[in-house]
Every structure is written in C-alpha cells, then in structure tokens.
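The values are calculated or read from the model by the stated rules, or taken from the named source; none is laboratory data. Note that this is a predicted model, so its numbers are computed, not measured. So basically every Cβ, Gly included, is an ideal-geometry build from the backbone, and we count neighbours across all protein chains shown. These accessible areas exclude ligands, DNA and RNA; they are computed on the full protein's heavy atoms, side chains included. Shrake-Rupley method; radii C 1.70, N 1.55, O 1.52, S 1.80 Å.
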Amino acid sequence: MAGVFLEFTAAAGDSEPQNRPVLIIGQINNLHTLHWGQIKHALQPAVSKELWQCAVSSLNPNPTDSCALYLNVAAVAALPSRVSRHNSPSAAHFLTRLVRTCLPAGNQRLIVMVCERSDVFASACAIARAFPLFSRRTTSSRRTEKKGVMVEFIIVGQDNGPLESSTLECVSNAADGVRLAARIVDTPCSEMNTDHFLEEIRAVGNELGITPKVIRGEELKQKGFGGIYGVGKAAEHPPALVVLSYSPPSGATQTIAWVGKGIVYDTGGLSIKGKTTMPGMKRDCGGAAAILGAFKVAVKQGFKDNLHAVFCLAENAVGPAATRPDDIHTLYSGKTVEINNTDAEGRLVLSDGVVYASKDLGADIILDMATLTGAQGVSTGKYHAAVMTNSDQWEAACVRAGRSSGDLAHPLVYCPELHFSEFTSAVADMKNSVADRENAQSSCAGLFIGSHLGFDWPGVWVHVDIASPVHAGERATGFGVALLLALFGQASEDPMLNSVSPLGPAALNSTDQAERDSKRRRLV
C-alpha cells in the first residue's frame with residue numbers, strides 16, 4: 001500500500017464498486033445505525049439494501065469481523081464493540097489492521113468510516129498508518145498510474161452531521177504528519193543519515209517559513225554537547241543538534257520544547273549489538289521523526305504558544321574515534337558521565353537536548369520522545385508508549401491523550417530516590433547504564449535524562465519511550481505524532497485538536513503546580 005495518495009472528505013459522491021472499490025468500516029453498533037440512504041452512493045447498483053442489511057447482521061466481531069458485499073470490490077468490516085479502559089475507544093489498532101487486510105485492490109478506492117465525532121481524529125491517524133510512503137520495490141518504481149484512497153466520514157451519535165472543512169483539513173494534515181514520520185523511520189541509514197535527516201528538517205522549515213538552527217560536528221564539542229558529540233563522532237556523517245522554533249504573532253504565554261532522539265542507526269557502538277538485534281535499528285530515530293511530523297502539523301494548525309522542536313541527531317557507529325566503555329564525557333548540563341555501555345546512547349543525546357531546551361530556549365514544558373529502551377516493550381508492551389513525568393497531572397493527561405489519539409500510553413514508575421542510585425560511579429557524577437538490569441530499566445533510563453535537568457527543576461518534564469510502538473512488524477507506524485497533537489491540543493487554534501486534548505488552558509499553564517510538586521518531593 002506504499003505511495004498512496006490519501007484524501008479525507010465529508011461526501012465521496014456516487015460511484016459503483018466496480019469503478020471504485022469500497023470498504024465500509026465501523027463498530028458494529030454504529031454500522032447498525034446507518035440508514036441505507038447514507039451508504040447507497042458507494043454500493044449501488046451492485047449491492048442492494050437487503051444484501052447490505054444481511055451482511056451487517058451476519059457480522060460477529062470477536063474482536064473484529066468482515067464480510068464481502070460484492071465479489072472482491074466491496075466489503076464491510078466491524079471493529080470491536082467494546083474495548084478496555086487502557087485502549088482507545090476508536091479501536092485504532094484494529095482499524096489499521098482491518099484497512100490493511102480488507103480494503104479491496106484498485107487504483108482509486110474508498111473507505112467509508114462510520115464513527116462518532118469524538119473518534120474522527122484517532123480514526124484518521126489509524127487509517128494513515130495503513131498507507132506507508134517508503135518503498136524500494138522495483139514494481140513500485142515502475143508503476144506509472146497514481147493510486148488514491150478517499151476516506152469518507154459518516155458521523156453517527158448525538159453530534160452527527162457532516163464534518164466541517166476545517167476538521168477535514170486538520171485530520172488531513174495529521175495524517176500527513178503520521179506518514180512523514182513513518183517514512184523517515186522506514187528509510188534505511190544509507191538514505192537517512194544525519195545529512196538526510198537535516199534535509200528533512202530544512203524541508204519542513206521551508207514549508208513553514210522557519211530557518212533551523214544547526215550546531216554540528218566539532219562545534220558541538222566546543223560548545224559542551226558531550227553527549228551528542230560523543231555518540232556520533234565516529235560516524236562518517238557528523239552529529240548535530242538542530243532546532244526549529246516557532247512563535248505565534250501574539251498571545252504566547254509559555255514556551256514548549258519537544259526534544260527527539262534522532263539516532264539514524266544504532267550499531268550499539270563498541271558495545272556492539274548482535275546479528276539478530278541490530279537489524280531494525282534504522283528505527284532509532286523514531287522520536288525525532290515523530291516530533292518533526294507533529295511540529296509541522298501543530299504550526300500549520302495554529303499553535304498559540306512558543307514551540308521548539310529540538311532534534312538530537314547522530315549515528316552510533318563503530319570506528320577508531322568511537323566512544324569506549326570507561327570514557328568519561330561532560331554533558332551540556334556540566335555533569336560528567338562514565339560510559340559503561342555505548343549501547344545506552346539515546347539518553348546521552350537527549351540529556352544534552354533537554355538541558356539546551358531549558359537553558360537556551362527557556363522552556364517551561366519539556367517533552368522528550370525516544371525509542372529509548374528495549375525494556376519498554378516489556379514494561380508497557382508493543383502498543384503503549386511508556387511515560388514518565390514529574391507531574392501527576394501530566395501523567396494522567398498522557399494516558400488520556402493516548403486514548404483520544406490512538407497512540408496509547410501508560411505510566412512508568414517515577415521514583416528517583418529508589419532508582420537513580422543504579423547509575424552510581426566511583427569516578428564521575430554518574431554512569432550511563434544501570435548496575436542491575438532487573439530493576440525498572442525503562443524508568444531508570446528516563447531518570448538519567450531527568451537528572452540532567454535536575455529533579456527539582458520547576459517546570460513540567462515529560463519523557464515518552466516509544467521503542468516498541470514505533471513499528472508494527474517490519475513497518476513503521478508514525479507513532480507519536482497523534483499523541484503529541486492530542487496532548488498539546490489546547491495550545492492550538494484548531495477546534496479538532498482542542499476537542500481531543502485532555503488538558504485545558506489552565507493545565508497547560510500549570511508550571512506553578514509542577515514547581516510545588518517538585519519542591520514537595522525534594523528528590524535526590
């Protein structure tokens with residue numbers, strides 16, 4: 001399904017399935033509420049009202065089900081009728097799977113999405129995940145005809161009626177952001193090294209009218225970015241700290257920074273990965289890719305506060321200049337780190353990034369996103385990002401934003417006074433990897449980053465580990481874009497993003513509460 005053009009619409013117009021293959025999809029209760037008049041434009045004359053009603057009545061989702069309506073050009077599919085409290089009401093993951101497996105073949109196709117208005121955003125992002133952009137299959141390169149998929153929303157429930165053009169624009173931009181992030185993550189390092197990633201950032205900057213700030217190579221060393229420089233100095237293409245900064249015309253009340261781990265390839269360094277664990281490490285830039293996609297959408301949809309996207313780019317390569325275990329690096333925080341595992345590199349680059357966001361950008365709210373630990377999949381699984389934060393309020397908001405966006409999230413243990421001792425070093429301020437790998441690895445990795453801000457830092461700090469959700473099988477998911485847009489939706493002028501956000505304006509400006517929380521804790 002690579003290279004497909006997606007179009008979101010409130011009304012797809014009349015067309016026979018033979019000319020425009022169609023998949024109608026929704027929760028079974030929503031499908032039952034459809035009137036024939038709402039759906040016949042996509043099915044007649046091949047499918048009659050009686051056949052449609054019979055097909056819907058035959059569906060028995062457990063958790064999903066599908067039924068062919070006419071040959072191989074029309075089908076209906078049912079999402080789970082119920083989900084648990086830790087899942088998205090939109091059943092986003094099931095939606096992506098059903099689109100991949102049930103959408104009929106064809107150059108111009110139609111998906112009719114039947115859902116409540118509250119599920120439109122998550123559903124659009126879930127559909128976007130089914131259509132990756134990157135491919136190097138020779139059949140794809142020889143194809144001349146353009147493939148398109150139109151997505152029509154039929155809204156059911158109390159707040160029904162056609163979607164507004166502004167909503168369609170929002171979900172279209174969000175889908176583009178998801179697919180941008182997925183394309184970057186799917187692209188191998190031979191085509192997505194730090195030079196190429198910088199080109200992607202510049203392309204987004206050009207579209208938005210923003211010139212990125214770039215600190216690169218030896219300049220990183222000179223300015224004290226020992227984490228990013230130390231990780232990337234052995235690679236052919238030098239490491240970089242890159243920043244896209246946006247300020248609204250007026251009315252900004254705070255400064256928000258998103259910091260992304262952009263390890264374009266992770267060999268593990270001299271603590272090298274094995275032949276079975278190294279394949280797939282092109283995905284280690286998933287955090288930076290998600291932040292780039294989300295930043296593009298957030299600015300286009302009218303962000304109301306100062307927003308910075310900080311990209312920590314490096315290739316963790318093996319070579320004569322590679323960092324050795326036992327080396328000691330001084331990070332941008334001024335703290336010294338004894339390296340005991342060169343494969344624990346993401347926390348080094350992110351520590352430089354978050355401190356830059358605090359010291360140089362004056363951020364009140366800092367969120368870092370990363371494919372940080374393999375242990376994340378053990379902690380919260382393949383579908384839920386792992387969240388750690390110094391704020392109870394933001395922890396709960398991340399979970400709710402995950403449910404409303406389809407990018408699911410679940411909290412990690414936040415307990416520095418018990419866990420940070422894992423990094424004790426006899427010769428430096430800390431080591432970069434834990435002493436006991438059976439003691440909350442993902443939590444400890446996040447705490448390493450937070451320690452460079454300082455556990456008494458008065459702002460809001462959120463750490464999001466997306467190591468497992470960033471891909472499904474061998475394909476990237478674009479995970480993180482929808483989560484960021486939902487979490488910070490109240491800082492947007494867009495009504496759709498406002499509606500999916502769990503935080504009101506007062507919560508977004510709650511740094512005073514975060515300060516009280518941090519002072520009350522008085523951690524290490």
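Miscellaneous remarks
- Rounded to whole Hz, the Karplus (6.51, -1.76, 1.60) HN-Hα couplings of the stretch 421-431, x for glycine and proline: 4, 4, 9, 4, 10, 7, 10, 9, 5, 6, 8
- Prolate is the label for the stretch 207-260, because a/c, from the alpha-carbon gyration tensor with a ≥ b ≥ c as root eigenvalues, is 1.5 or above and a/b exceeds b/c.
- Cα gyration tensor category, rounded, prolate or oblate, for the stretch 108-263 with a/c compared to 1.5: oblate
- A simple spin-label model places the labels of Glu145 and Arg85 5.1 nm from each other, with each point 7 Å out along Cα-to-Cβ.
- If only the Cβ of Lys and Arg carry +1 and only the Cβ of Asp and Glu carry -1, the dipole of the chain around its Cα centre is close to 940 debye.
- Packing-based ranking of 251-262, 16-27 yields 251-262, 16-27, ordered from highest to lowest mean Cβ neighbour count within 10 Å.
- Of the GluC sites (Glu not before Pro) found in the stretch 381-463, those in coil by DSSP whose Cβ has at most 11 other Cβ atoms within 10 Å are Glu438.
- In the stretch 65-160, taking the dipole from charged Cβ atoms about the Cα centre, the farthest positive-side position among Ser118, Ala68, Thr101 is held by Thr101.
- Remark: the His196-His35 segment gains 53.0 nm on full extension, using 0.36 nm per residue and subtracting the alpha carbon distance.
- Note that the stretch 187-293 presents 38 Å² accessible area per residue, ligands and nucleic acids not counted, probe 1.4 Å.
- Residues of the stretch 337-365 with an amide N closer than 16 Å to a point placed 7 Å from the Cα of Ser425 along the Cα-to-Cβ direction: 337-352.
- Counting heavy atoms of the protein chains alone, Arg324 has an accessible area of about 130 Å² for a 1.4 Å probe.
- Note on Gln108 and Glu219: with the Förster distance fixed at 45 Å, the Cβ-Cβ geometry gives a FRET efficiency of about 0.35.
- Förster radius 45 Å - calculated FRET efficiency between Asp326 and Ala11, Cβ distance, rounded to 0.05: 0.10
- Cα centroid separation, the stretch 5-23 to the stretch 143-209: 19 Å.
- Surface accessible to a 1.4 Å probe, Ser90 within the full protein complex, Å²: 10
- Length-normalised contact order for the chain - Cα pairs under 8 Å, 6+ apart - percent: 15
- Apportionment of accessible area to carbon and sulfur, the stretch 256-355, percent (1.4 Å): 53
- Total formal charge among the other residues, if their Cβ is under 11 angstrom from that of Ala476, Lys/Arg +1 and Asp/Glu -1: +4
- Cβ-based charge dipole, the stretch 241-353, positive-most Cα from Gly262, Leu244, Gly274: Leu244
- Surface accessible to a 1.4 Å probe, Tyr229 within the full protein complex, Å²: 40
- Pairwise Lys count, the stretch 180-303 - Cα closer than 21 Å, eight or more residues apart or different chains: 17
- On full extension, the segment bounded by Glu438 and Asp360 gains 24.5 nm, given 0.36 nm per residue less the C-alpha separation.
- Taking 0.36 nm per residue of sequence separation and removing the Cα-Cα distance, the Thr253/Lys273 pair yields an extension gain of 2.7 nm.
- Straight Cα distances below 12 angstrom link Lys147 to the aspartates and glutamates Glu7, with same-chain residues fewer than 8 positions distant left out.
- Asn60-Arg136 FRET efficiency (beta carbon distance; Förster radius 45 Å; 0.05 resolution): 0.65
- Counted over the chain, the DSSP beta bridges are approximately 35% antiparallel.
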